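A.B. asks: Sharing a structure with you now.
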Amino acid sequence: MVEDEPDVLGVIDLSLRLLGKLDVVAVASFAEALEAIARRRPDVILLDRMLPDIDGLEGCRRLKADPGSSAIPIVFLSARSDPPDVKAGMDAGADGYLTKPFDPVVLSQRITAILKDRDEHAGQPARKAPRGRRRRR
């Protein structure tokens, strides 16, 4: 979880731990996130849009462009809730976007759904594109 507001970080961290489903690693900057990812690859990254050292959109793009982190699902947690902001987050490569304030149970359910989807698709061969119909002459 990458969140620079200590109060928000504490609430999210405590809520997720109390739900008992997740081992949470919390950091306050994108630079710290990169270090944490290098130490231990996370199952999901919760990313704030407004960080002190980088715009979350740019951070998401960088993570998705890096082969070492491109497959890690990213969920934005942001106070920016206008539809263009949500669209920008999804266009940057995010797998989800929740606006603050949010219900920790909803966050947990979103993370669970992302992990379930990932697990269901793990090990399955890539689906081939459907073949077009051939014209008879």
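A.B. asks: Number of Lys pairs in the chain with C-alpha atoms less than 23 angstrom apart, excluding same-chain neighbours closer than eight positions?
C.D. replies: Values: Lys21/Lys100; Lys21/Lys116; Lys64/Lys87; Lys64/Lys116; Lys64/Lys128; Lys87/Lys100; Lys116/Lys128.
Count of close lysine pairs: 7.
A.B. asks: Follow-up. What list of ³J(HN,Hα) couplings, whole Hz, do you get for region 98-110 from phi and the Karplus terms 6.51, -1.76, 1.60, once you set θ to phi - 60° and write x for glycine and proline?
C.D. replies: 10, 9, 7, x, 9, 7, x, 5, 5, 4, 4, 5, 5
A.B. asks: Specify whether the C-alpha gyration tensor of region 6-120 places it in the rounded, prolate or oblate class, a ≥ b ≥ c being the square roots of the eigenvalues: rounded for a/c under 1.5, otherwise prolate if a/b is larger than b/c and oblate if not.
C.D. replies: Since a/c stays below 1.5, the shape of region 6-120 is classed as rounded.
A.B. asks: In whole percent, what relative contact order does region 6-120 give with Cα contacts below 8 Å and a gap of six or more residues?
C.D. replies: Averaging sequence separation for qualifying contacts and normalising by length gives 23 percent for region 6-120.
A.B. asks: Give the peptides 94-100, 108-114, 45-51, 78-84 in descending order of average Cβ contacts within 10 Å, highest first.
C.D. replies: 45-51, 94-100, 108-114, 78-84
A.B. asks: Name the long-range amide H neighbours of Asp48: under 5 Å, sequence gap of 5 or more, or other chain; modelled H, no Pro or chain starts.
C.D. replies: Under 5 Å from the amide H of Asp48: Val2, Leu77.
Values quoted throughout were computed directly from the atomic coordinates according to the rules given, and no laboratory measurement underlies them. Note that the structure is a prediction, hence the values are computed from the model and not measured. Positions of Cβ are backbone-derived with ideal geometry, glycine not excepted, and every protein chain shown enters the neighbour counts.
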